[in-house]
1. Give the range 240-260 a look and list any residue that's open to solvent by less than 90 Å² (accessible area, probe 1.4 Å), out of contact with any helix residue (DSSP H, G or I) (no Cβ under 7 Å at 6 or more places or on another chain) and farther than 21 Å from R159 by Cβ, or say none.
2. Just to check your reading of the model, which residue among V349, V247 is outside any loop (DSSP other than H, G, I, E, B) and in the same structural domain as K194 (by the TED database)?
3. With the range 517-608 as the region, which helices (runs of 4 or more DSSP H) entirely inside it contain at least 2 residues that are not assigned by the TED database to the domain that holds Q503?
4. For the range 806-821, indicate whether the set of residues that are part of a helix (DSSP H, G or I), open to solvent by 10 Å² or more (accessible area, probe 1.4 Å), in contact (Cβ under 8 Å) with a residue 24 or more places away in the chain and over 17 Å from L739 (Cβ atoms) is non-empty.
5. Which of (1) in contact with a Ser or Thr (Cβ under 9 Å, 6 or more places away or on another chain); (2) within 24 Å of A751 (Cβ to Cβ); (3) open to solvent by less than 70 Å² (accessible area, probe 1.4 Å) does I657 not meet, given it meets every other one?
6. One residue is enough: does the range 477-497 have a residue meeting the conditions buried (at least 22 other Cβ atoms within 10 Å of the Cβ) and among the polar types (S, T, N, Q)?
7. Are any residues in the range 389-407 within 13 Å of R437 (Cβ to Cβ) and open to solvent by 10 Å² or more (accessible area, probe 1.4 Å), and if so, which ones?
8. Could you check the range 123-140 and list, in sequence order, the residues that are under 21 Å from L36 (Cβ atoms), out of contact with any Cys (no Cβ under 9 Å at 6 or more places or on another chain) and open to solvent by less than 40 Å² (accessible area, probe 1.4 Å)?
Amino acid sequence: MGRQHSLSSISRSDTDPSLEVECPFGRIDSLTRTDLREAVYELFFMTCRSSPGFGGSRGSLNYYPSSPASTGGGGEGSPKWGSYGMTVARSRIKKTVGLNARRSSPMTTGMHSGSNSPGKARRPMTSAEIMRLQMRVTEQSDHRLRKTLMRTLVGQVGRKAETIILPLELLRQLKPSEFYDAQEYHHWQRRQLKILEAGLLLCPSVPVDRHSPAAARLLEIIRASELKPVDTSKNSETMRNLCAAVVALAWRSCSGASTEVCHWADGYPLNVHLYLALLHSIFDLREDTVVLDEVDELVELMKKTWSTLGINRMIHNVCFAWLFFQRYLETGQTEPDLLCATLATLVEVAGNAKKADRDANYVNLLSGALTVMQSWAERKVLDYHEGFDKETIASMENIVSLALSTTNIIGEDPLSSGVGLADDDDGTAAVDPSVNRVDYYIRSSIRSAFAKILESGASNDGSVIVGINDDPSNILLHLAEETEELALVEKDLFSPVLRKWHQVPTAAAVVTIHSCFGIVLKQYLSKVTCLTNELVRVLQSAGKLEKLLVQMVVEDSADCEDGGKGVVREMVPYDVDSIVAGLLKTWIDERLRIGKECLSRAKETESWMPRSKNEPYAQSSMDLMKLAKVTVDEFFEIPVGARDDMVHDLADGLETIFQEYTTFVAACAFVAARIAGNKQSYVPSLPPLTRCNQDSNLVRLWKRAAVRCSVGVGRTNGKDGVTNMNHPRPSTSRGTQRLYIRLNTLHYVLAHLHALDKSLSFFSRSGPSPTGRHTAANRRLAPSHHFDLARSSVQSAIQYVSEVAAYRLIFLDSRHSFYDGLYVESVADARIQPGLRNLKQNLTLLVSILTDRAQPLTVKEVMKASFEAFLMVLLAGGSERAFARADYEAVVDDFRSLKRVFCTCGEGLVAEEVVNREAEVVEGIVALMALPTERLIEDFSIAACEASGLVGFGFCSGGSIDTAEGPKVPMPPTTGRWNRADPNTVLRVLCHRDDEMANEFLKRTFQLAKRR
């Protein structure tokens, strides 16, 4: 057989299920825990055979009964537990390791062994009886052992225990007849042989050649005993071979020289397993966490086994520390005093570990025990959030102390290179010994606790780290809450314990928490493509958490030399404000891009057809303003603060789009205005100035008749929509109607600009108040300051398009009834009434198309265009028009009718005072028609000379005409700004005056041609 020694745990049948650690001393597969206990009891009894109660002089421990006891039940002659207390001196060992005397009643037995009759007196138990009871050895086995030792050691009272191979002696002396049956004997014999196999072959203290004759014979006998008991009689050849083999193997030495000590139970780890089985007897069987108060006497007796087992004080201390630690685990970690005893024992172990004269077995024993203790303790403290709570926090200090103590001992051990500093089984990275180990524990536990929180949230709501299929915002919000709770628990529950070793434990934990949450937040943000309310809430939660964590760090580090600045510098800021600002800027840019796309579509597809009768606007304007409103509403639904700069950015971007759209609308009007791009493009060009010729009466009658005939035909079969002057239809063209839609669109945009401006001004911050606060009232009263340029552009466009539409309506759509028809050839026969009927129809259509906001300005512009057209008829009517002084009354009457049309249009669309103010110029010019020709010539001459600066230099003679010297009156320029005082206006009245004096003046002064 090979050596059956491996560093694996003792089998489940040999240990308590609550044991959380592996046995550091390896496992001997052939021996159970019961085998070890029974074997070491035999050894213990043999080494103590000269002590009182073990075969020497009869004696007992110094117990002092306080009262008589009633008899109790017992069976098979076993010692009984007494029912009255015993007072003993406090144990030195228990005092050293910090344990208290806690037994409720002493251990006693009847005066006569096996007596269970009532009324029998009780006495204190001897050391031998206590050990037999603690080792769970039956009285029959104990009696058999006593008898065998008596037979074996007859005449050898002075023989040393370390010279006795006890299993061999027992095999030689005990016969099958001394056992209950053959099966019991066979089991007992197998145990003795397995002890010999373990001590001489599997775990020898002196290396053995497995192929030596003695080893081979021993193995052969052991294998033969598996099926049936070996014959151990005196004449048995097998027994002689067994004795020879065992003696040969046990009395060897490393040097080959003779030795005075036999080696059958001192090999590692058999000796440690046997000794630990013996040490376990110090725990009270009635209460497994209590050490017997008689432990001092029992340990002194146990020391007698040291020479046989190869144990010394250093090994004893390690085993003692492991004993308390193992019992602490086996009893469910319910007795903190056992852990305190472990720590107290480790103090002496630490002193022993510094010694240089240590053998290899001690080093293996020390390293194994400390490594397991350290591994268990660090497994606890590296994840103390999982292992401790309010109910178990009291034990945390001892476990941290155990982790640090074992780490320090291992680190000081020159022969334990790398022990305890290598990577843990769970992959925890090695830590340099110089690093504050408690800081390492804190950060490791925080990371572990945070990971559990994250895994719990991800399992419930989806994945945060890998593949975000669903919106993980809820996970992050929940994670922020759990992280805050984790920080508070750390501060209130664990930091007070850890502060014993760490100056700023809360700060170290909080920095780690901040880093962990920052990693998750960064991964979350890396997958974000747009700004949402959920995202903003996540960032706000992160910002709130960060402020709390920084405050906790500052408070915990207040007593540091730098006030905690060094710790705070470890915290990489989340920079939530910058992230929000960047995402908000991206959101704004995206919305503005959509707005520009909407504008581009409008330029390509807009037909300027009203959407409906109730919505007489361009579809593109409705789409654009709806998009702007939704953008502003969503912008302020995003729960972020301090966004004044962003409000301005959004407003500026929208304003640019509005201005470009306004330019687009005005550009359409520009196309409608054809060449000049303004209202003057519809005004007819001025005809050349001519003088009226005096026709004969016959010619005048013929022309008048021709005009009447032509006018009559035009009124029955006219063009431009007028088929019957008694029942005219509107002559407004489709192009003019589209201009009306553009006007509605501009007013629609302007109205929404006011609404958007109000929204932006309400939510944006007003100027600083005297109190330094910005209340809701201040925000509501804040004046509008956005879209000023856009509003100005829209208002200019409205004015421009209104003028273009008005001049187009009068000079293009109504040309036949105004400029082309009014007063042609004869005032009496071409009055204004037909034109007014057509104008009223056009105004009715205009009012039906335009919105209420657009009507006043447009009607006013139509009025101004009508007045200018009326003046054009009077002043630039061409060769077909001539006016006599007698026509004045008819013209005045017609103009009054024209004014009345606008005064009565709609419900006061144009105020009467406005109409009168605009009519003043026309009325002044019409008044010139009532003046005599001489007065007109005089007024013209004076005005022309004054305008040219010739008055006072002799060029003008007050209206006299000198034919010899030529004209003294200069030709006034045509300004187009008609006015009664304007010399060009007076000249045009003269040109249209149908009399001889005017004709002669114009001929002599300016040589004007005569009309044809």
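The values are calculated or read from the model by the stated rules, or taken from the named source; none is laboratory data. None of these values were measured; they are calculated from a predicted model. As a convention, Cβ positions derive from the backbone with ideal geometry for all residues, glycine included, and neighbour counts pool all protein chains shown. Ligands, DNA and RNA are excluded from the accessible area calculation, which covers all protein heavy atoms including side chains. Shrake-Rupley method; radii C 1.70, N 1.55, O 1.52, S 1.80 Å.
1. G256, A257 - these are the residues of the range 240-260 that are open to solvent by less than 90 Å² (accessible area, probe 1.4 Å), out of contact with any helix residue (DSSP H, G or I) (no Cβ under 7 Å at 6 or more places or on another chain) and farther than 21 Å from R159 by Cβ.
2. V247
3. Passing ranges, in order: 576-605.
4. Checking the range 806-821: not a single residue is part of a helix (DSSP H, G or I), open to solvent by 10 Å² or more (accessible area, probe 1.4 Å), in contact (Cβ under 8 Å) with a residue 24 or more places away in the chain and over 17 Å from L739 (Cβ atoms).
5. Tallying (1) in contact with a Ser or Thr (Cβ under 9 Å, 6 or more places away or on another chain); (2) within 24 Å of A751 (Cβ to Cβ); (3) open to solvent by less than 70 Å² (accessible area, probe 1.4 Å), I657 fails exactly one: (1).
6. Yes - at least one qualifying residue is present in the range 477-497.
7. Selection gives S401, L404, S405, T407.
8. I130, R132, L133, Q134, M135, V137
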